[in-house]
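Working notes, beginning with the structure itself.
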Amino acid sequence: MPTATSSGDSSSSPVAGSWCSVSGVEDGPAAPVLRSERLLLEPLKVGHAEEMAPLLADPGLYAFTGASPVTLDELRRRYERQVRGHSEDGHQRWLNWIVRLEQTGAPVGAVQATMTAHSDGLAADLAWLIAVPHQRRGYATEAATVLARWLREQGAQVLAANIHPRHEASMHVARALGMTPTDEVIDGEIRWATAPTQSRHGASFGAESRSCRKP
Ligand SMILES: CC(C)(COP(=O)(O)OP(=O)(O)OC[C@H]1O[C@@H](n2cnc3c(N)ncnc32)[C@H](O)[C@@H]1OP(=O)(O)O)[C@@H](O)C(=O)NCCC(=O)NCCS
């Protein structure tokens, strides 16, 4: 998975610590099935490791994220962590989907969202990955757009992603979601974010607001 969010994988979490968080998001919504014109976003299951492992074995996927291909066993263990759905301290809600073509059911990638409650509202950090043979067909933009819509419906007031400064494709996706680059640099990646919106739900997930320091 790209390293734009933690979403259960603390080994690839440039976002961790970038926002001050408060507890109380672990009882947030479970990932639902999401659909777009061409894609089906299916909530992650450990059993997806078998069909995702060959897609994630391509070193070309990791040019900008610093991650590397994983074995099937490593992927299974990663998915076992991710399907727990929240960090141990309850500060982060982890939501993971695999992306399938609606027409054939073939898996083509994955998307993640890590939701965190902050003193100033609920934020979602996103990550997207499309397997090399399926890239440049608009799938990342389409999957991220449907995910962003759902996250906003859940009360997310800020959507963000950490992106390598030369990762043009990922910057395109971020722009399509309305994100712009911020001044924040995390492990050499630029933090992109949407302007905060007043969600119709406010900071949901029962999050308790608390003052906290910026990094
Ligand atoms: C980033 C990634 C998800 C994009 O997937 P994709 O399905 O090819 O993206 P899209 O087809 O939706 O293209 C998005 C935009 O980027 C552009 N683009 C795609 N690949 C590009 C490339 N290699 N160079 C420059 N622009 C590129 C497209 O033209 C499109 O632009 P548009 O919105 O103006 O039409 C994919 O490259 C990937 O999985 N990379 C590895 C994982 C990764 O780095 N994830 C991001 C972590 S933040």
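Assorted remarks:
- The ranking of Thr145, Thr197 by Cβ neighbour count inside 10 Å, starting from the fewest, reads Thr197, Thr145.
- Counting other Cβ atoms within 10 Å as a rough exposure proxy, the listed residues Val33, Val185, Val158, Val173 run Val33, Val185, Val158, Val173 from fewest neighbours to most.
- Amide N proximity, the stretch 39-58 versus Ala176 label position 7 Å along Cα-to-Cβ, cut-off under 19 Å: 39-42
- Prolate/oblate/rounded call for the stretch 10-193, Cα gyration tensor, a/c under 1.5 rounded: rounded
- With R₀ set to 22 Å, the beta-carbon distance separating Ser119 from Arg84 gives a calculated FRET efficiency near 0.30.
- Counting beta carbons within 10 Å around each of Glu88, Glu189 and listing the fewest first gives the order Glu88, Glu189.
- For the stretch 111-159, radius of gyration divided by Kirkwood radius, i.e. Rg to Rh on alpha-carbons: 1.07
Each reported figure results from applying straightforward, stated rules to the coordinates on display, with no laboratory input. On a predicted model such as this, the values are computed, not experimentally measured, just so you know. All Cβ positions, even for glycine, are placed from backbone atoms using ideal geometry, and neighbour counts span all protein chains on display.
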